[in-house]
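Single-structure report; data block below.
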Amino acid sequence: MIDRVPTRRVVRPNHPFFLRCPRAWLALAVALWSAGSLPASAATNPAYRLAGVVAVGEEYIGLLEIRPGEQVLVRKGSDLPGGGKVTAFDGKTVRIALPGQVIELALDGTVEAVMTPGIVVAQDNVDHVHVRNVEVDTLRAALREPAPGNQPQAAGAIQRRGRSDAGAEVARRFSTLVDLPPRSRVVAVNEIPVTDAAAAIRLVDSTLADGMPARLNITAPMSDGEQRVYLLPEQD
């Protein structure tokens, strides 16, 4: 649930902020959080901008501008105007799933598309479980293409304790295809530990080709324990 922030601007245009939240800020955040729901009229043509971030304990609350002069408070899991949903929030960037695309907003004002369109046709995130309904042929074709050379590497993707990190490499390959949480590592595919990136990717490919769901066990910063990603073949 998201709540309206008073229409008077609380930060200057194009001036992001980040605060560690003292008690006064926490009280303000709670008050704004319970102030009311955003009207449906605000859902038209959203132009999101991350205007600021407040850290409340281990959680982050973001001030998201949906149009000039109109801002809402959001956190991970918030539903947004225009059919968006906050799927990840690490204090520096917020990731928003929109119909047909996923974008990532940064405090410096940059907006980046982080998911290849046409692969994920529906998705859901509940606690530590992430479900992606995928267009199998499109995903398999993307996996057969060379990995983008300028794709940012996940944490430790090249070296981990002096050797290649297969789990981070697999996560890097899938991150823009099926919207994995930021800085993920794939530790198992179909309950088989990942020790070879190419073999793990082939296992996902063959599983989907057989019309079966592929299961990825992942780890990610700011998350307790492993998470599970289900890649479900889209049924006609």
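Regarding the stretch 31-46, can at least one residue be identified that is modelled with pLDDT of 50 or more and in contact with a strand residue (DSSP E or B) (Cβ under 6 Å, 6 or more places away or on another chain)? Spell out the reasoning first.
The initial filter retains those residues of the stretch 31-46 that are modelled with pLDDT of 50 or more, namely 46.
Now drop any that are not in contact with a strand residue (DSSP E or B) (Cβ under 6 Å, 6 or more places away or on another chain), which leaves 46.
Yes: one or more hits.
Quick check on the stretch 7-26. Is at least one of its residues modelled with pLDDT of 75 or more and among the hydroxyl-bearing types (Ser, Thr, Tyr)?
Let us first name the residues in the stretch 7-26 that are modelled with pLDDT of 75 or more, namely none.
Within the stretch 7-26, none of the residues are modelled with pLDDT of 75 or more and among the hydroxyl-bearing types (Ser, Thr, Tyr).
Got at least one residue in the stretch 73-85 being more than 24 Å from Ala122 (Cβ to Cβ), free of Cβ contacts under 8 Å to residues at least 40 places away in the same chain and buried (at least 19 other Cβ atoms within 10 Å of the Cβ)? Steps first, please.
Initial filter on the stretch 73-85 (more than 24 Å from Ala122 (Cβ to Cβ)): 73.
This time we only want the ones that are free of Cβ contacts under 8 Å to residues at least 40 places away in the same chain, so: none.
No, the stretch 73-85 contains no residue that is more than 24 Å from Ala122 (Cβ to Cβ), free of Cβ contacts under 8 Å to residues at least 40 places away in the same chain and buried (at least 19 other Cβ atoms within 10 Å of the Cβ).
Determine if the stretch 186-208 includes at least one residue that is within 19 Å of the chain's Cα centre (by Cα) and among the aliphatic types (A, V, I, L, M).
Here is the first cut: in the stretch 186-208, the ones within 19 Å of the chain's Cα centre (by Cα) are 186-187.
Next, from what is left, pick out any that are among the aliphatic types (A, V, I, L, M): 186-187.
Within the stretch 186-208, one or more residues are within 19 Å of the chain's Cα centre (by Cα) and among the aliphatic types (A, V, I, L, M).
So in the stretch 86-103, with the set limited to residues that are surrounded by fewer than 18 Cβ atoms within 10 Å (Cβ to Cβ) and of a type in the set (D, E, K, R), which one is farthest from Asp179 (Cα to Cα)?
Here is the first cut: in the stretch 86-103, the ones surrounded by fewer than 18 Cβ atoms within 10 Å (Cβ to Cβ) are 90-92, 98-101, 103.
Right, trim to of a type in the set (D, E, K, R) and you get 90, 92.
Working: Asp90: 15, Lys92: 18 Å.
Among those residues, the one meeting the criterion is Lys92.
Looking at (1) surrounded by 12 or more Cβ atoms within 10 Å (Cβ to Cβ); (2) modelled with pLDDT of 90 or more; (3) under 19 Å from Val186 (Cα atoms), which is the only condition Val129 fails?
(1) is the only condition that Val129 fails.
Residue by residue through the stretch 97-121, note down the ones that are hydrophobic (A, V, I, L, M, F, W, C) and more than 11 Å from Leu50 (Cα to Cα). Show your work before the answer.
Keep residues of the stretch 97-121 that are hydrophobic (A, V, I, L, M, F, W, C), which gives 97-98, 102-103, 105-107, 111, 113-115, 119-121.
Within the stretch 97-121, Ala97, Leu98, Val102, Ile103, Ala113, Val114, Met115, Ile119, Val120, Val121 qualify.
Could you check how many residues of the stretch 212-228 are at pLDDT 95 or above and either more than 22 Å from the chain's Cα centre (by Cα) or of a type in the set (A, V, I, L, M, F, W, C) (or both)?
Counting residues in the stretch 212-228 that are at pLDDT 95 or above and either more than 22 Å from the chain's Cα centre (by Cα) or of a type in the set (A, V, I, L, M, F, W, C) (or both) gives 4.
Considering each residue of the stretch 167-214, count those that are within 30 Å of Leu105 (Cβ to Cβ) and either out of contact with any Gly (no Cβ under 8 Å at 6 or more places or on another chain) or among the hydrophobic types (A, V, I, L, M, F, W, C) (or both), and give that number.
If we filter the stretch 167-214 for residues that are within 30 Å of Leu105 (Cβ to Cβ), which is where we start, we get 167-187, 197, 201, 204, 214.
With the extra rule that they be either out of contact with any Gly (no Cβ under 8 Å at 6 or more places or on another chain) or among the hydrophobic types (A, V, I, L, M, F, W, C) (or both), the set shrinks to 167-184, 186-187, 197, 201, 204, 214.
Total satisfying the criteria: 24.
Filter the stretch 208-236 down to residues that are in contact with a strand residue (DSSP E or B) (Cβ under 7 Å, 6 or more places away or on another chain), more than 19 Å from Glu169 (Cα to Cα) and surrounded by 13 or more Cβ atoms within 10 Å (Cβ to Cβ), then give me how many there are. Don't jump to the end; show me each part of the working.
Keep residues of the stretch 208-236 that are in contact with a strand residue (DSSP E or B) (Cβ under 7 Å, 6 or more places away or on another chain), which gives 208, 211, 213-220, 226-234.
Cutting the leftovers down to more than 19 Å from Glu169 (Cα to Cα) gives us 208, 211, 213, 232-234.
Those still in the list that are surrounded by 13 or more Cβ atoms within 10 Å (Cβ to Cβ) too: 208, 213, 232-234.
Here the count works out to 5.
The values are calculated or read from the model by the stated rules, or taken from the named source; none is laboratory data. All figures in this text were calculated on a predicted structure; none of them were measured in a lab. No Cβ is skipped: glycine too gets one built from the backbone with ideal geometry, and neighbour counts run over all protein chains shown.
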